[in-house]
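The values are calculated or read from the model by the stated rules, or taken from the named source; none is laboratory data. Note that the coordinates shown come from a computational prediction; the quantities given were computed from them, not determined experimentally. We work out accessible area using only protein heavy atoms, side chains counted, and drop any ligands, DNA or RNA first. Shrake-Rupley method; radii C 1.70, N 1.55, O 1.52, S 1.80 Å.
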Amino acid sequence: MKIVSLDTGKFKSVADLYDTQTHTGRFETLRTTPQAVHDLLVRERPQRVVVESSPLAGWIHDLAVALGMDRSEEHT
């Protein structure tokens, strides 16, 4: 499973890109904009997106859902 975890900041964010099958990961810094997050999610096509709780989490969630990210195990 590919997982993208986002540590969001006002201007820059850090993505942890992790593959559970190969146990490999890498970090990537990106601008905290809808376009930059969109491009990351489209490029990586993760099965899971994890976002820190912040005021930015709402639009990142909405973007992931709009891109068809799996919500089958969503916890409320």
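Secondary-structure-derived ellipticity at 222 nm for the chain, considering helices only, amounts to -8000 deg cm²/dmol, per-run term -39500 (n - 2.57) for DSSP H runs with n ≥ 4. With all protein chains kept in place, the per residue accessible area of the chain amounts to 67 square angstrom at a probe of 1.4 angstrom. Residues whose amide H comes within less than 5 Å of that of residue 12, counting only those at least five positions distant or on another chain, are 32 (H built at 1.01 Å from N in the peptide plane).
Expressed to the nearest 5 percent, the antiparallel share of DSSP beta bridges inside the chain is 80 percent.
Karplus-based coupling profile of region 37-51, in residue order and whole Hz: 5, 4, 4, 4, 5, 5, 5, 8, 6, x, 7, 9, 10, 10, 10, with θ = phi - 60° in 6.51 cos²θ - 1.76 cosθ + 1.60 and x standing for Gly or Pro.
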